[in-house]
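The values are calculated or read from the model by the stated rules, or taken from the named source; none is laboratory data. Being a predicted model, the structure only gives us computed values, none of them experimental. Backbone-built Cβ (ideal geometry, glycine too); neighbour counts: all protein chains shown.
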Amino acid sequence: MIEASLTYTLLIEGDDRCLPCSQEKTILRSLIDGGVFLEANCGGRGTCGKCKIQVLKGQVIGKNGLQVQPGNDNTYLACQVYPQGDITIVLKKEQASQKGQATEIIVDDSLPLVKKVVLAPAYPTVDNHYSLQEMIRQALAAQTTAGSSLVSTGLIDNAAMLRRLSEVVETKPELITITLLDNQAIAVEANDTSSVLYGVAFDIGTTTVVGMLVDINARKVVAVCSKNNPQASMGADVISRIQATHELLGGLEGLSQLIRRCLNQIIAELCSSVGVASSHVYAVTIAGNATMSHLVLEISPSTLVRKPYAALFKYMSPLNPQDIELEINPQGEIMVLPNIASFVGSDTTAAIMAVDQDISENPMLLVDLGTNGEMVIGYGNMLYACSTAAGPAFEGAHIRDGMRAIDGAITDVAVTEQNVLVQVIGRGKPAGICGSGIVKAVAELLKAGILEASGRFTKSAAAKLPIPLQHRLKKQGGQWEFVLVEGKDSASGADISITQADVRQIQLVKSSICTGIQFLMERLHSESGLTVCLAGAFGNYIDIDSALTIGMLPGNQGVICSVGNAAGTGAVQALLSAAKMQRCIAIASKVNYIELAAQHDFQNRFLANLTFPLS
């Protein structure tokens, strides 16, 4: 008991950080507390096998206090072991999966959301007396041109702004710069600072976080940075993270701190990459699913998983950087874009605007394929949305040899009569398979007759295979698997396969999406002219023909297109345009939400859609 309370040192090979650890915490928990990302899709239950570490120095013990033997690859699961003293470990180098670049940012000619105005104030005198607040208002009035609306009553009317004004006028500078957000003053600075005006647009995904640095004066994105969402160390999906908020001590605060730290790291890297000070960032927009929006604000998302599954909020007033500990200009403002409903968040709001679905005259189906699946059908004022439990399989989670879309991941598969050909990210050997590769592999196995429409591998299928492929269909540990890459050709020395359990995961995901789309399609009076837009990380890279082959999407390739990171595009547009920001608010109010689980015959349709289409 006394020894359990001792604090040890945890060193990470190749990292300058030195973290505290103890026998009271798993290695995974100590890494999380120290701000180190390590994927743990199962939330630390020891079932996903993703949080592997190697121990270079020191020893680890299990929960029972006994020595633990490493696995065949000389690794341990960080969520299942505790340090017995000072320890040095090796982690895999972190790589963020790619979410797709924001598409070209098109912004109308309306007033910008954020702008700077340089004033030449006339300071009050004994003979001409007025307040300094009035001085600023008069100077703004002098700047006003016909038809503009720079003047706003009560422009500097809060204590924080007045305190800042007091500091600025202390030396009576000849010029004063006012930063306006939606025509309300948010910052006041001495001298002319109009040349530096930046903002950051965030798309906070369950798996990947993308930040885009925007030069507001130039009205363009000047740098992009993406990172793995460090909350993945507490679970791959939103349900796992919601559970962690009340199952783990300090869970809500911990999850909030993880994502805030990630946002600050992205801001620092973005600014550094173009030589901009973080104090030159005056505005931030945040798009994300409802769970991510709650967690970044340190608001419990528990109502999302309790009937009637309602989000705590839809719209938030602009926040100060201090509210979420964001390291930008302290006088800046943060705008969390509005959610639509429960599991349809502000990322969907932003995506709808990015593809102009809310002002389109033709029917569109927007499908955001990521860790979560959100879909919106309709056009103009007739919009219907739903969310499906797509699960994290598209990110390689819950797939035996699955991995993110990073170096070594198989992205393309072709099954010929003589061989299985694969393509990987980077130049190294295959290390696993990512979501787009899994869908392509399942489609190829269906086309080759190796998988039945039911999704089963069978012994009879093996007998029908061309001789060069027969040895690839094996039965291991009581279940069938098809070997894509043999151990002699893989990075780990072990076979990379599609197992029967993997196929079941894909069937569950494809049925969720397919069933959701079916219910949405029934809301349209006609499917004529329907365009299907695929957004999100997975939607950006999926092979459309393969998605059609497994029955995940409707239509044909002629009406299906990828639209990249639509959520990120929308977040940038909202940052640049007051009109676009108002559109976001209007979109969130007019989209009709459909709760799939409450729909008649949902269960029967879901079960029917588990099978693959007959070729």
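General observations
- Filter result for residue 501 (touching a residue at least 60 places away in the same chain (Cβ under 8 Å), touching a Lys or Arg at 6+ places or on another chain (Cβ under 9 Å) and not acidic (Asp, Glu)): yes
- Residues of segment 436-455 that turn out to be of a type outside the set (A, V, I, L, M, F, W, C) and in contact with a strand residue (DSSP E or B) (Cβ under 8 Å, 6 or more places away or on another chain), as a count: 5
- Exactly one residue out of 291, 245 is closer than 18 Å to residue 388 by Cα, crowded, with 18+ Cβ neighbours inside 10 Å and hydroxyl-bearing (Ser, Thr, Tyr): that is 291.
- Count - residues of segment 581-606 that are more than 19 Å from residue 290 (Cα to Cα) and out of contact with any helix residue (DSSP H, G or I) (no Cβ under 8 Å at 6 or more places or on another chain): 6
- Test: residue in segment 544-551 that is of a type in the set (Asp, Glu), surrounded by fewer than 18 Cβ atoms within 10 Å (Cβ to Cβ), over 18 Å from the mean Cα position of the chain (by Cα) and not in a helix (DSSP H, G or I): no
- Qualifying residue in segment 280-298 (condition: without any contact (Cβ under 8 Å) to a residue 40 or more places away in the chain and either over 26 Å from residue 573 (Cβ atoms) or among the small types (Gly, Ala, Ser) (or both)): no
- Residue that is among the small types (Gly, Ala, Ser) and either surrounded by fewer than 15 Cβ atoms within 10 Å (Cβ to Cβ) or touching a helix residue (DSSP H, G or I) at 6+ places or on another chain (Cβ under 6 Å) (or both), where the choices are 414, 441: 414
- Residues being under 14 Å from residue 340 (Cβ atoms) and part of a loop (DSSP other than H, G, I, E, B) - total across segment 276-311: 4
- Annotation: residue 372 fulfils all but one of (1) in the same structural domain as residue 587 (by TED's automatic domain parsing); (2) more than 27 Å from residue 525 (Cβ to Cβ); (3) in contact with a helix residue (DSSP H, G or I) (Cβ under 6 Å, 6 or more places away or on another chain); the unmet one is (3).
- Among the residues of segment 242-256, the one identified as in a helix (DSSP H, G or I) and without any contact (Cβ under 8 Å) to a residue 12 or more places away in the chain is 247.
- Yes/no for residue 65 being at pLDDT below 90, outside the structural domain of residue 231 (by TED's automatic domain parsing) and of a type in the set (Gly, Ala, Ser): yes
- From the options 368, 358, 347, 412, residue that is in a loop (DSSP other than H, G, I, E, B) and of a type in the set (Asp, Glu): 358
- Some residue of segment 418-427 being in contact with a helix residue (DSSP H, G or I) (Cβ under 8 Å, 6 or more places away or on another chain) and of a type in the set (A, V, I, L, M, F, W, C): yes
- A single member of 574, 578, 598 is crowded, with 21+ Cβ neighbours inside 10 Å and among the small types (Gly, Ala, Ser), and it is 574.
- Among (1) of a type in the set (A, V, I, L, M, F, W, C); (2) crowded, with 22+ Cβ neighbours inside 10 Å; (3) outside any loop (DSSP other than H, G, I, E, B), the one test that residue 399 misses: (3)
- Across segment 369-383, a minimum of one residue is classified as crowded, with 24+ Cβ neighbours inside 10 Å and over 21 Å from residue 209 (Cα atoms).
- In segment 258-272, residue surrounded by the fewest Cβ atoms within 10 Å (Cβ to Cβ) [restricted to those that are among the polar types (S, T, N, Q) and free of Cβ contacts under 8 Å to residues at least 60 places away in the same chain]: 272
- Enumeration of residues in segment 332-344 that are more than 16 Å from the chain's Cα centre (by Cα), in a strand (DSSP E or B) and either at pLDDT below 95 or under 14 Å from residue 383 (Cα atoms) (or both): 341
- Condition check for residue 310: under 17 Å from the mean Cα position of the chain (by Cα) and more than 13 Å from residue 204 (Cα to Cα): no
- Residues within segment 537-554 that are among the acidic types (Asp, Glu) and more than 13 Å from residue 434 (Cα to Cα), tallied: 1
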